[in-house]
Amino acid sequence: MADYRQVAQNWLDGDFDQKTKMQIIELRNNDPAGFEDAFYKNLEFGTGGLRGIMGVGTNRMNKYTVGMATQGLANYILKNAPSIEGMDVNDIRVVVSYDSRNNSKEFARITADVLSANGLHVFIFDNIRPTPEMSYAVRLKKAVAGVMITASHNPKEYNGYKVSWSDGGQVTSPVDVDIVAEVARITDPSMVKFKAEEKCGEVELMGKEVDEMYLNDLISLSLTPDACKRHSDLKIVYTPLHGCGVRLVPEILARKGFRNVIHVPEQDISDGNFPTVYSPNPEEHSALEMALAKAEETGADLVLATDPDADRMGIAVRDNDGKMVLFNGNQTACLMTYYILTRRKELGTLGEGRYVIKTIVTSELMADICKSFGVPVYNVLTGFKYIASVVKSHEPDGEFICGGEESYGFNVGQFVRDKDAQVSCMTIAECAAWAADQGLTLYQLMQRIYKEYGYRKEGLVSVVRKGISGAKEIEAMMVSLRNDPPRDLCGSPVVKVIDYLEPEKTGQPKSNVLQFFSESGDVVSVRPSGTEPKIKFYFSAVGDDADAKIEVLKAQLCK
């Protein structure tokens, strides 16, 4: 690749706006390391789209890199949409949506303009909307694809560009790889149709009418409406963490009859600077501090939090001493799965063709619960796109009950093909009401599950390594683990190693993931993040001493 200084000079000499050029000069003069990082490579359009720091440069999210990605996507769609069964070649449709992040609205508008300039019919939301509603709208509008401008729960400096295909699920092989190849062919912004030269495709706004259909379909998945009425006074604190969940989560809870939903007013404000949190990630205790304080102030029973694009949900519940404790994604997924399967069994809606899906790093407790109900459970790679892919492969005869991942993503039913915090908030609130009918809190219900299936504890450590040197260090860590894997976990011999770079052995798509299984049933999984500069270590321990074993495993492997 050309020297980064020459690449930057090409931008200074090229047909770029003056504001961009001034920012390049300022970066070059005042931040040499940042200048290099901005231009030393192109921001990679991966199999899920783009994600990166916003700013000028080839390695940043900006209007030029977004435009180039969209032109590549448009080229792929125009080449391939005619071969999709049922697609009207005279009305090829794409849905565009965006969240509350800085520049999300601008990037969404650019995306819509480029698609339209290429003759595609664009449906774009009139304001911020959750990622799962974009997935829903793709199917509703019979679109070939959807684009969501979001960086999910990343820090404020980031934004992203997530692509879904005609089933509403994020693109998977071979579509994802072929889109990447088309985007790679767009080597300069001059190749982008930012404005239509001739007749362009129609751009239509979507709004409340789609919200209504989406909410009505989600509410149709309710399993215990009478319990919600009986416990309508359940005190629920909800925070959208400055994201778009504020538009629909309180509404779906209200429609389910919960009349005591308590807001965190400062965090209801949709703001891409996320001013009240360090990181808008419901996985992190610090993000829920204001909601927990509000729960203590009001005596709330349950805390719900959603990330900026409202696809992930975090919860806190009261323990037996009345103290608010956070559940992790594994616990929440297992709790909802247990509730859904129990109720469906009682209602007689379990049976042949119905199934559950979990990711390989999600607790085996979820699988144990499914097996006890006689429900098949499928294991897939990390990422909800793989869950959506299994759902698609089982159409039209199979029925997806629910599915989840340890990273706080869960979905119920087949209306949406991505993780969905709206239906998750509805389900966990309904589960709380159902538990209350039995004189139990959610915490006590979780203890009942542990008593029935055995205690499990999971842990996650993310080791961050930023920049060029960090990427090399993460690569070296994976090489070391492959060449010299751990011989034991907490003193128990490692009896199985799975390397997901060997798809012929795993039966899964090729992925840079390692798993180590001990004789005693403990598991360690290691994977570099595909969207952030970090490597993740997932720990799962079994038995009454599982908490202590997790700490030993962290010390053993995260040196």
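Once you have a ≥ b ≥ c as the square roots of the Cα gyration tensor eigenvalues for the stretch 120-250, tell me rounded if a/c is under 1.5, and otherwise prolate or oblate according to whether a/b is larger than b/c. Taking the square roots of the gyration eigenvalues as a ≥ b ≥ c, the stretch 120-250 is prolate.
The stretch between Glu473 and Asp268, if pulled fully straight at 0.36 nm per residue, gains 69.9 nm over its current Cα-Cα span. In nm, give the distance between the simple-model label positions of Lys229 and Ala254, each being 7 Å from the Cα along the Cα-to-Cβ direction. Output for this residue pair reads 2.0 nm. Within the stretch 322-371, list the GluC sites (Glu not before Pro) lying in a DSSP loop whose Cβ has at most 15 other Cβ atoms in a 10 Å radius. For GluC sites (Glu not before Pro) across the stretch 322-371 that sit outside H, G, I, E and B with at most 15 neighbouring Cβ atoms in 10 Å, the list reads Glu352. If R0 is 30 Å, the Cβ-Cβ spacing of Ser83 and Glu202 corresponds to a FRET efficiency of close to 0.85. What base-10 log of the normalised intensity I(q)/I(0) is obtained for the stretch 283-390 from the Debye formula, alpha carbons as equal point scatterers, at q = 0.21, 0.22, 0.24 Å⁻¹? Taken in order of the listed q values, log10 I(q)/I(0) reads -1.14, -1.18, -1.26. Across all C-alpha atoms in the stretch 461-549, the radius of gyration and Dmax reach 13.9, 42 Å. Note on the stretch 392-532: with charges restricted to the Cβ of Lys and Arg (+1) and Asp and Glu (-1), its dipole about the Cα centre is near 400 debye.
Its Cα centre serving as origin, the chain has a Cβ charge dipole (Lys and Arg +1, Asp and Glu -1) of approximately 220 debye. Potential lengthening of the chain between Asn29 and Ser372 amounts to 117.1 nm, from the contour at 0.36 nm per residue minus the alpha-carbon distance. Taking the charge dipole of the stretch 246-391 about its Cα centre, with +1 at Lys and Arg Cβ atoms and -1 at Asp and Glu Cβ atoms, the residue from Asn328, Val264, Leu365 reaching farthest to the positive side is Leu365. When the chain is described by a simple charge dipole with +1 on each Lys and Arg Cβ and -1 on each Asp and Glu Cβ, the residue from Ser525, Ile219, Tyr408 located farthest towards its positive end is Ser525. Each part gets one Cα centre, and for the stretch 19-71 versus the stretch 144-199 those centres are 16 Å apart. Determine the shape class of the stretch 358-419: with a ≥ b ≥ c the square roots of the Cα gyration tensor eigenvalues, call it rounded for a/c under 1.5, and otherwise prolate if a/b is greater than b/c, oblate otherwise. Oblate.
Overall, the anisotropy analysis places the stretch 99-160 in the oblate class: the square-rooted eigenvalues a ≥ b ≥ c of its C-alpha gyration tensor yield a/c not less than 1.5, with a/b not exceeding b/c. Dipole check for the stretch 61-117: with +1 at the C-beta of Lys and Arg, -1 at the C-beta of Asp and Glu, and the Cα centre as origin, the magnitude is about 260 Debye. Applying Stokes-Einstein at 37 °C and 0.692 mPa s to the Kirkwood radius of the chain, computed over alpha-carbon pairs, gives a translational diffusion coefficient of 134 µm² s⁻¹. By the combined test of axial Cα extent (at least 15 Å) and Kyte-Doolittle hydropathy (mean at least 0.0), the qualifying DSSP H helices of the chain come to 104-117, 421-437, 467-483, 546-557. The trypsin sites (Lys or Arg not before Pro) of the stretch 198-280 that meet both conditions, a loop assignment by DSSP and at most 13 other Cβ atoms within 10 Å of the site Cβ, are Lys199, Arg259. Just the protein heavy atoms count here, and of the accessible area of the chain at 1.4 Å, carbon and sulfur take up 48 percent. The count of lysine pairs in the stretch 419-547 that are at least 8 places apart or cross chains, and whose C-alpha atoms lie under 16 Å apart, stands at 5. A DSSP coil position with no more than 16 other Cβ atoms inside 10 Å describes the following trypsin sites (Lys or Arg not before Pro) in the stretch 1-77: Lys41.
Annotation: extensible slack from Lys559 through Thr298 equals 89.8 nm (criterion: 0.36 nm per residue apart, minus Cα-Cα distance).
The values are calculated or read from the model by the stated rules, or taken from the named source; none is laboratory data. Computed from a prediction, not measured in an experiment: that's the story for all the values here. Using ideal geometry, Cβ is built from the backbone for each residue, glycine included, and neighbour counts are taken over all protein chains shown. Areas reflect the complete protein model, heavy atoms only, side chains present, ligands, DNA and RNA absent. Shrake-Rupley method; radii C 1.70, N 1.55, O 1.52, S 1.80 Å.
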